[in-house]
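Peer 1: Structure provided below as structure tokens; questions to follow.
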Amino acid sequence: MSRVSRAQAEENRAGVVAAAAQLFRERGVQSVSVADLMKSVGMTHGGFYKQFASKDALVTEAADQAFTDRDAYLAGLDEGHATRAEARRAMVEEYLSREHRDEPGTGCPSAGFAGDMAQAAYDGNVSSQEVYAHGVRRFADWMAEDGDDGLVATCTLVGAILLARATSSTEMSDKILQAALKSVAGAQV
């Protein structure tokens, strides 16, 4: 069996992290097996442990990558709008949309990893929680306006999208999204 180059190994690792970030947000960490994850990127289960010390280590790295990607998205909004208020409005409208509700794998990691990070406390995966807390703080900082710390808006957005996803087959889901939009738009945007 031939060995892959260092560049190919790094590319493979990045692909596993990206796939994990998406699948973990879509299905939850416990619902994604190492075998399923590796199969999704065309690799074998055995290759996982050559790249990662454990699934917990991958969770930490995947969450970090998801928040880094989210930071790039927010920076792009800033660049694409004349003011932070305009960028914030665009983000809030996207965040509280049916599309974001229905596509958690590419959505906000604050919502996508929330349940798993609560479980991480019981499992002793403190590094994942630290990465998650830092990512949530960066999101709140981006949402901050006029001296507030952005936590109320962040909590409203994340809570609303979680509730909307949990009720997605009912009319309550759209009502939740609209109520949160009214709340955040009235207070922040």
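The values are calculated or read from the model by the stated rules, or taken from the named source; none is laboratory data. This one's a predicted model, so the numbers in the text were calculated from it and none came from an experiment. For neighbour counting, all protein chains shown are included, and Cβ atoms are generated from backbone atoms with ideal geometry for every residue, glycine included. Accessible surface is based on the protein model in full, side chains and every heavy atom, while ligands, DNA and RNA are left aside. Shrake-Rupley method; radii C 1.70, N 1.55, O 1.52, S 1.80 Å.
Peer 1: For the stretch 74-189, calculate the relative contact order in percent as a whole number, restricting contacts to Cα pairs under 8 Å that are 6 or more residues apart.
Peer 2: Details: 99 pairs, mean separation 33.7, N = 116.
It rounds to 29 percent for the stretch 74-189.
Peer 1: Taking 7 Å along the Cα-to-C-beta vector as the label spot, tell me the Tyr73-Ala57 distance in nanometres, rounded to one decimal.
Peer 2: For Tyr73 paired with Ala57, the spin-label model returns 2.8 nm.
Peer 1: Once the whole set of protein chains is in place, how much accessible area is left on Thr68, using a 1.4 Å probe, in Å² to the nearest 10?
Peer 2: The value for Thr68 is about 70 Å².
Peer 1: Here's something else I'd like to know. Quick one: grab the alpha carbon gyration tensor of the stretch 60-189, order the square roots of its eigenvalues as a ≥ b ≥ c, and give me rounded if a/c is under 1.5, else prolate or oblate depending on whether a/b is larger than b/c.
Peer 2: Working: a/c = 1.71, a/b = 1.17, b/c = 1.46.
Oblate shape, in that a/c is at least 1.5 and b/c is the bigger or equal ratio.
Peer 1: Shifting gears a bit: Starting from the Cα of Ala133, step 7 Å along the direction of its Cβ; do the same at His81; then give the gap between the two resulting points in nm.
Peer 2: 2.9 nm
Peer 1: Each residue of the stretch 31-43 in turn: what ³J(HN,Hα) in whole Hz from Karplus with 6.51, -1.76, 1.60 and θ = phi - 60°, glycine and Pro shown as x?
Peer 2: Rounded to whole hertz, the list is 8, 10, 7, 4, 4, 5, 4, 5, 4, 5, 10, x, 10.
Peer 1: From the protein chains alone at 1.4 Å, what is the descending order of accessible area for Val92, Val131, largest first?
Peer 2: Working: Val92 0, Val131 35 Å².
Sorted by accessible area, descending: Val131, Val92.
Peer 1: Could you state the accessible area per residue of the stretch 36-79 in Å², with a 1.4 Å probe and every protein chain left in place? Kindly include the intermediate steps, with their values, before the conclusion.
Peer 2: Numbers: 2290 Å² over 44 residues.
Per-residue value: 52 Å².
Peer 1: Considering only C-alpha atoms, what is the centroid distance from the stretch 56-77 to the stretch 82-112, in Å?
Peer 2: 14 Å
Peer 1: What's the local net charge at Glu145, with K and R +1, D and E -1, over the other residues with C-beta under 11 Å away?
Peer 2: On the way: positive: Arg84, Arg88; negative: Asp141, Asp146, Asp148, Asp149.
Cβ neighbours under 11 Å give a net charge of -2.
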